[in-house]
Every structure is written in structure tokens, then in C-alpha cells.
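Working notes, structure below.
The values are calculated or read from the model by the stated rules, or taken from the named source; none is laboratory data. This structure is a prediction, so every number in the text was calculated from the model and none was measured. These area figures cover heavy atoms from the full protein model, side chains too; ligands, DNA and RNA do not enter into them. Shrake-Rupley method; radii C 1.70, N 1.55, O 1.52, S 1.80 Å.
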Amino acid sequence: MLRLLAASARSGRRLLALAILGGILLPPAAWALRGLVPVAVVGLSTLVLLRVDVPATLAQLRQPGRLAAVLVVQMLACPVLAWVVVRALPLDPGIADAVVLFATGAAIVSAPAYARLLGLDAELSLLGALVGTLLVPLTAPPIAWALTGVDLAVGMEAFAARLGTVVGLPFVLSALIRRLAGSARLEALGPAFDGLTVWLLVAFGFGVMDGVGARLLAEPGWVLEATLAACAASAGLNLVTAAALLPFGARTAATAGMLSGFRSMALYLAVLPEAADPRVALFFGLYQIPLYLGPLVLAPGYRRLLRWSGECRA
């Protein structure tokens, strides 16, 4: 079993791509796995915390300017840039608003797992995702209102519940596991943990795509436009952020680009007002497509950038 999990980690990018396509093409499987989404979220966050180097993560705080630059570009500059771009394009209004809202979000909490798959900085990814998540209630609502007129009232109750699910509970579980297992055993199980992370991402990918296949049959034109917009937004913010932060080094720039392109929309789904275009929520579901295809598509570009700079570790 441990060998199988380790092998899964080595094929992680391909498995993620197959998962998101399978969730669309196999609706019964997507429906069956949607109930596992909350469990997968907790499991992913716990494994992420088990696999990061805690001292190295804390050491990132010795360079607060770098972390601040990553967050300023990601959470302040990117929404404005997205708004400027969508205004110039003949997009469906719901898609245009969704792209801007997407650009206000924090990075996915499982970003360190993606960083490991892509050979990037897992510790910077963890800090960027956690601090960004803490900042979302302060930054996203005013920016979203100013640019789109959508009232993202991120209530503290909903935010606290979300934070407890994706951070609090996994932190307690990971601390308990570390204490019981010990660092040597955890290090030996590292490749298996990486493989288990991949399979939890696969289950999550199937579950969140429940209903997308039916929507594709009902509105193929709109779904295609939304999917292309989601892919372009993810890749575009990735590229722009990486370019803006190249002065901090290629590894930091690539990691920041990944954080900017791979964002969490779960909290927004819980707080979207009834008056919001219902297709905004559907866009957030379709965004899972570039989120899962991204590691496979972007990995060669990341490798070239790191090799060009001499920072490639793989």
C-alpha cells in the first residue's frame, strides 16, 4: 500500500487531470463522492501541515517584505487588473463579475501540496495561503463592492467556521500525529503521505464537479465560455504575479504565481448574496478545471524558469 501511494505521488499531476475530467464525464461517481468533500478538505489540510518543514516555514517570517509583496500583488493588484481586462472583453456579465471575484480570493489552503508537486516553495505557499485567508474578510468585500457591486459580506461566523475547518482542526490533528509518530517515522512516510494527498485531491475533484456535466449538456456555449475564462484568469494571474515578483528570485516568483492562479472559492460560495448572478457560483465550480489541469500544464514552464535561474531542485 505504501509503495502504491508513493507511486501515486509521482503521477500526481496526471491523476489530478484525470479526476476533474472524470467528474464531468462520470456524473454518478461525482454524485457519490460529493459527500466526501468536507472530509477531503480536513484531510488535505492535515497532510499539508504534516509535510511542511515547520522551522523553515517560521524562517520565512524573517523576510516579511517578500511575503507582503506576494500578498499585495495577489490580493490588491490582481483584482484591479482582472477588472480592467474583463471590462475590455465581450464577456457574459456573470462571468466577468466572477473573474473579478475570483481575483480577490486567497490561495487554496492545499497550495503547499501543489507546490510539492511542482517543485516550488511549500513553506512560502503555506504562509501565503494562511495569511491570505486571514486577510480575505478585510480585503475582498470592499474591493468586490467597488469593482463589481457584489456585496461579499464575509460574516465572522461563517469565516470562523471555515477557518476552524481548514486550519484549526487540521492543526490539532497534525500536532497530535507528530507527537505520537515522531519526526523520523513521519519522514519515512513522507512519499506515502504525498500519494494520499493526491488521492484526496482526486476525491475532492470528483465531488465538486457534481452537476457540471448536466449543466454542460443544458448550456454548452455558456459553460465553454466560462471554462475558457476560468483557465485564462488562472493562467493570466499566475503569469502576471510571477513576472511582477521576479526581483525576489525565480523560485519565489513561480511560487507566488501559483498562489495567485490557484485560489479558494469555498468561502465565497457560502456568502454570495441571493441577488448575485447565480452563474457566478457555477463559474466557481468550473474553475476547478484549471485548478486540476494547471499542475500538468504549467509544470514544464515552472521547470524552465527554475532551470534558467539555476534554482531548480528536481
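The table for this structure:
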| read-out | value |
| --- | --- |
| Correct option for semi-axes √(5λ) of the Cα gyration tensor in Å [calculated from the coordinates] among (i) 49, 24, 19; (ii) 28, 23, 20; (iii) 40, 24, 16 | (ii) |
| Gyration tensor verdict on segment 1-93 (Cα atoms; rounded if a/c is under 1.5, prolate if a/b is larger than b/c, oblate otherwise) | oblate |
| Integer Hz, Karplus 6.51/-1.76/1.60 couplings in order for segment 176-189, x for Gly and Pro | 5, 5, 4, 5, 6, 8, x, 5, 5, 5, 4, 5, 5, 8 |
| For the chain: relative contact order, % (alpha-carbon pairs under 8 angstrom, 6 or more apart) | 34 percent |
| Stretchable slack from ARG185 to ALA218, in nm (0.36 nm times residue separation minus alpha-carbon distance) | 6.8 nm |
| For ARG263, distant residues with modelled amide H under 5 Å away | ILE108 |
| Contact order relative to length of segment 165-274, as percent, for alpha carbon pairs under 8 angstrom and 6 or more apart | 15 percent |
| Among GLY285, GLY301, GLY119: highest mean-square fluctuation, GNM of the chain, C-alpha pairs under 10 Å | GLY301 |
| Accessible surface, per residue, of the chain when the full set of protein chains is kept, probe 1.4 Å, Å² | 46 Å² |
| Gyration tensor verdict on segment 52-198 (Cα atoms; rounded if a/c is under 1.5, prolate if a/b is larger than b/c, oblate otherwise) | prolate |
| Accessible surface of the chain [probe 1.4 Å, protein heavy atoms]: carbon and sulfur percent | 69 percent |
| Cα centroid separation - segment 199-235 against segment 118-153, whole Å | 22 Å |
